[in-house]
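These notes concern the structure reproduced below.
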Amino acid sequence: MKKILMLTAFALAGLAAAQDTTTPPTDTSTETQQTETTETTTDTTQTDTTTETTTETTQTESTTTTTQTGTATTVSPATLSAEQNFARAQEFAVQADVAYPLPFYDRTLWKAAVDHAFYAAQQEATNRNYQAYLAQLYTKTQWWINAYNAWSRLGELNDTERQLASLSAAKLAYIALQRGDRAAARTYVDQGLSWADSASLRAIQSRL
């Protein structure tokens, strides 16, 4: 009976030892899977970073191209023909109307429009369209003395041109009156009224 009990105890001890020996391999397999998963995640992160860098580079190159294109639009009117200068003057005037709330010669686009129109008028002095357009731009950009002289040189004017010419005369008459030059003011009033009657000219005339 004692021998049977001893053999049973030895058998139970052997089974316990066998169970302890099979446990570690399972843990090792789990660690291996975790390591592989970590490496896969690292590779994916690196790929995403490379893609973002490429996109930013492309956007920077596009911006640079746009800037270079905008800078290249400036051309000296001296290198163009009268017809080309007239066309560019009109283009710049349209852009200036959109870009600025008020038209003044010292605004970049208005200056470009006037300069190109001036060259066109100089290159073909007998072209009335070029001369009239220059006078219109002088009037619109409030360069009154140049506008007045340009309208005076044109001679016979149509109804619209008469109104613009009369406006330039009224502005100069007011300026002359402000500085106390009544003789110059009277000259401008008389010439302005010969082009077109206006309340402004009549008001200045009443003060002379």
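Residues in segment 79-94 that are surrounded by 13 or more Cβ atoms within 10 Å (Cβ to Cβ) and closer than 14 Å to residue 140 by Cα were compared, and the one that is nearest to the chain's Cα centre (by Cα) is 92. No other residue among 125, 121, 93, 89 is closer than 18 Å to residue 75 by Cα and free of Cβ contacts under 8 Å to residues at least 40 places away in the same chain apart from 121.
Residue count for segment 62-75 satisfying the condition of being open to solvent by 80 Å² or more (accessible area, probe 1.4 Å) and at pLDDT 65 or above: 1. For first residues located in segment 138-155 and under 24 Å from residue 97 (Cα atoms) and without any contact (Cβ under 8 Å) to a residue 40 or more places away in the chain, partners that are of a type in the set (Ser, Thr, Tyr) and crowded, with 19+ Cβ neighbours inside 10 Å and lie 6+ apart or on another chain with Cβ distances below 7 Å form the pairs 139/168; 144/168; 146/138; 147/138; 147/139; 147/168; 150/138.
For (1) surrounded by fewer than 18 Cβ atoms within 10 Å (Cβ to Cβ); (2) modelled with pLDDT of 95 or more; (3) farther than 24 Å from residue 172 by Cβ; (4) not small (Gly, Ala, Ser), each residue gets a yes or a no:
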{"residue": "77", "(1), (2), (3), (4)": "no, no, yes, yes"}
{"residue": "112", "(1), (2), (3), (4)": "no, yes, yes, no"}
{"residue": "118", "(1), (2), (3), (4)": "no, yes, no, yes"}
{"residue": "132", "(1), (2), (3), (4)": "no, yes, no, no"}
{"residue": "135", "(1), (2), (3), (4)": "no, yes, no, no"}
{"residue": "141", "(1), (2), (3), (4)": "no, yes, no, yes"}
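Note on segment 166-189: among residues that are farther than 13 Å from residue 200 by Cα and not basic (Lys, Arg), the one that is most open to solvent (accessible area, probe 1.4 Å) is 178.
The values are calculated or read from the model by the stated rules, or taken from the named source; none is laboratory data. This structure is a prediction, so every number in the text was calculated from the model and none was measured. Quick reminder, even Gly has a Cβ in these numbers, built from the backbone with ideal geometry, and neighbours come from all protein chains shown. Each accessible area value is taken on the protein alone, full model and side chains, heavy atoms only, with ligands, DNA and RNA left out. Shrake-Rupley method; radii C 1.70, N 1.55, O 1.52, S 1.80 Å.
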